[in-house]
Each structure stands twice: as C-alpha cells, then as structure tokens.
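The values are calculated or read from the model by the stated rules, or taken from the named source; none is laboratory data. On a predicted model such as this, the values are computed, not experimentally measured, just so you know. Cβ: placed from backbone, ideal geometry, glycine included. Neighbour counts: every protein chain shown. With ligands, DNA and RNA removed, areas are computed over all heavy atoms of the protein, side chains included. Shrake-Rupley method; radii C 1.70, N 1.55, O 1.52, S 1.80 Å.
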Amino acid sequence: MTGTTAAPAEQALRPHAEEAFADELAALAAADDRPRPARWNLSPWAVATYLLGGALPDGTVITPKYVGPRRIVEVAVTTLATDRALLLLGVPGTAKTWVSEHLAAAISGDSTLLVQGTAGTPEEAIRYGWNYAQLLTNGPSRAALVHSPVMRAMAEGRIARVEELTRIPADVQDSLITILSEKTLPIPELGTETQAVRGFNLIATANDRDRGVNDLSSALRRRFNTVVLPLPATAQDEVDIVSRRVDQLGHGLDLPAAPRGADEIRRVVTVFRELRSGTTEDGRTKLKSPSGTLSTAEAISVVTNGLALAAHFGDGVLRAGDVAAGILGAVVRDPAADRLIWQEYLETVVRERDGWKDFYRACREVSV
C-alpha cells in the first residue's frame, strides 16, 4: 500500500484543534456532569467553556479560544444542539474558521470533516463521488461511492464544516437544501439514501464582504441560524487575541518568545484599528481607509513574521523594524491609492505620536 500517513500531533506544523488542545478537552469531559446531546463529547456548557476559557474545579485552566461576547458563543452552541445549521458570518479576520474548527473539535472530537469552498467546488464535494475504477468494473454500488465530508458526518452523527460558503457556485450551494431540511442525502443511482443520525449538524462560514459573489438563495438561508462575529470590541481585546495566537504559532515554529514584544503588538493593532475605522484612537483626526481589510488575522501574520525576522536576523528582540515591512504589505494593496493613504497616515499621525519615533523611521525606510 502506498500513500502518506498523518504526522504525530507534536510534529505537525499546525495540529488540528482536537490534537492541540487534547488535554483541555479531556479535562472538560472528566469534569462535565451536565446533559449532553446525542453523540456530543461535551455538554453545551462545556463546549462554551472550551471556547471562552475558564477554570475547572480541579484547578485545570481552560485557555480562551475566542475573545468576544459570551452570548454569541452560547447562541452558536445552542443552534448546533437543535436541528438548525449554523452560519458564521463576518468580515475577514473575525475568527470564523477558528470558531468553526473549535466547535467541531469540542462537540465531535473531529474538526476534519471539511469542505473548502471555492469557485471550483463541485457538487461531489458536498454530496458524494464515485471510485471510477470500481464503477466501471462492477457498476454503481455502495462500495464504489466516495463519501464527502458531509456524507460521513451524516452517517456518523458528527459536525461537518463548509468554509467560504458564498464562494461556492449557487447550484452547488443548493445541494445542501435537502440535506439540511430533510436530513437525508438521496443516492438516485442506487435507489437509496443516506439518512443523518442524531448528532449530525453543519457549520458554514461566509465573508459578508463577498455579498454579490454567490449570494445564498432564500431557501438555503432559511435553513441556517446566522451568527455574526464582530471585530474585537476594544484595542485590548485585539491585543490579547494577537498575543495569544502569536505565542501559539511561535511555539509551533520553534521561535523564541519575543522580549518586549507587547509594545510592537500594541502598535500594530493600533495602526490597523485606526486605518480600519477611519479615525485615530482619540477621535480627533479623521483618516482615509485603505482598500485592505486590516483584520486581526493579518495583524497576527505581521507580528509572527516580525518575530521570525527578530529571531533569525536580529537579536531576538521584536522591534519596529521587524514589523514595518509586514504592515506596509498589509496596508498597501492598491499601489497607487493605498500608498498615498499610508504616507499621509505616517506624516500626520505616526510622526507626531509620542514614543513612536523609531516606528516612524522604520516605516519610512521600507516605504521609500
């Protein structure tokens, strides 16, 4: 038999949530004495605790996976305990995929039943396909079926995930309607069907800036409960999110912890929030916003790349020069319009800000 095998969790570049946080999930399961829906590994309360963080009676600390309003998480978890599918909607970088993965990991212990939506996603990715060698040899049969992640989730009573639903062609999207309404997947070639067993549900994510790409039909939208994930409410929330994810990513990449990195993280977050909102933190200066999203996810990327620069080409201390190029790349997506916006921001805001002279000089150097 040829092929590849899965890497052990400690060797994987990016372990699945159920592997990376296996100890926390096990501790929650041991302490969880609340009612659990059919085939759920944890109760809804424990799932929410896993996402939001907390301390268990035995002293185990559950790290937060999502920083945001508790009610949003509670509504999402409750939806999955019903027969309604869940649509996580928000601008890029609001942790839709992250929340989707951790919900599936906590509920089913498996976040890998995933359909990645693109303009080329075929109907077979959602329904089923065929092993054509078997099909040609023996004709249509159960053995010749290739189960999609959704079909597997239905048969096993697990959570399936569909990422970037609005990027999938409309006719392929609508193949979900029967699955979500009737909880069955017809297989007309065999004159049979796959029925969903208890525990099955589906989480979809969509970028609300993609409206007009492949809008959901009203029939499909009615099958979902929609939860909108907002951008972090405060600068401190965003700093906390970026710091936590950078620590996790840095550990996985064997990067050293960055001394005094908090100062640069706060600067990156401040720049992104000000340009994103079109006003400075104190509300005194109106700003032009660039074409990019300047999301929290992009801030995480900028800081992680800066940390790698500091580790491999510096003294390990994260400084302004390590994040300047990353910020420029995130802000200037349109070389003509965005560059002017960035230069104006540097000269009117950054240059005059106390304690930011090193940051101004570093950004000027890479912006020339």
Do we find a residue being in a helix (DSSP H, G or I), β-branched (Val, Ile, Thr) and buried (at least 16 other Cβ atoms within 10 Å of the Cβ) anywhere in segment 44-55? yes
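How many residues does segment 293-319 contain that are part of a loop (DSSP other than H, G, I, E, B) and closer than 20 Å to Trp98 by Cβ?
3
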The conditions are (1) at pLDDT 95 or above; (2) open to solvent by 10 Å² or more (accessible area, probe 1.4 Å), and Ala297 fails exactly one of them. Which is it? (1)
Take the conditions open to solvent by 10 Å² or more (accessible area, probe 1.4 Å), of a type outside the set (A, V, I, L, M) and either in contact (Cβ under 8 Å) with a residue 60 or more places away in the chain or under 22 Å from Thr234 (Cβ atoms) (or both) and apply them to Asp322. Does it pass? no
Considering segment 272-294, residues that are among the aliphatic types (A, V, I, L, M) and crowded, with 18+ Cβ neighbours inside 10 Å, and then whichever is modelled with the highest pLDDT, we arrive at Leu275
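Could you please give the count of residues in segment 79-101 that are among the polar types (S, T, N, Q) and not in a loop (DSSP other than H, G, I, E, B)?
Going through segment 79-101, the residues among the polar types (S, T, N, Q) turn out to be 79, 82, 94, 97, 100.
Narrowing the set further to residues that are not in a loop (DSSP other than H, G, I, E, B) leaves 79, 97, 100.
Adding up the residues that qualify gives 3.
Residue-wise test of (1) in contact with a Gly (Cβ under 6 Å, 6 or more places away or on another chain); (2) not hydroxyl-bearing (Ser, Thr, Tyr).
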{"position": "Glu19", "(1), (2)": "no, yes"}
{"position": "Thr49", "(1), (2)": "no, no"}
{"position": "Thr60", "(1), (2)": "no, no"}
{"position": "Pro64", "(1), (2)": "yes, yes"}
{"position": "Thr82", "(1), (2)": "no, no"}
Close pairs from segment 118-131: first farther than 13 Å from Pro149 by Cα, partner open to solvent by 30 Å² or more (accessible area, probe 1.4 Å) and small (Gly, Ala, Ser), Cβ under 9 Å, at least 6 apart: Asn131/Ala143
Does any residue in segment 172-186 that is more than 10 Å from Leu220 (Cβ to Cβ) and acidic (Asp, Glu) come within less than 7 Å, Cβ to Cβ, of a residue that is open to solvent by 20 Å² or more (accessible area, probe 1.4 Å) and not in a helix (DSSP H, G or I) six or more places away or on a different chain, and which pairs are these? none
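Going by the conditions given, is Asp263 farther than 30 Å from Leu340 by Cβ, acidic (Asp, Glu) and open to solvent by 50 Å² or more (accessible area, probe 1.4 Å)?
Here the answer is no, as Asp263 does not meet what is asked.
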Checking Val269 against (1) touching a residue at least 40 places away in the same chain (Cβ under 8 Å); (2) surrounded by 19 or more Cβ atoms within 10 Å (Cβ to Cβ); (3) part of a helix (DSSP H, G or I), which test does it fail? (1)
Looking at (1) assigned to a helix (DSSP H, G or I); (2) surrounded by fewer than 20 Cβ atoms within 10 Å (Cβ to Cβ); (3) under 23 Å from the mean Cα position of the chain (by Cα), which one does Ala219 not meet, given that it meets all the others? (3)
When you scan segment 102-181 for strands (runs of 3 or more DSSP E) that lie fully inside it, which ones turn up with 1 or more residues that are crowded, with 21+ Cβ neighbours inside 10 Å, on the phi < 0 side of the Ramachandran plot and in contact with a helix residue (DSSP H, G or I) (Cβ under 7 Å, 6 or more places away or on another chain)? 114-116, 159-163
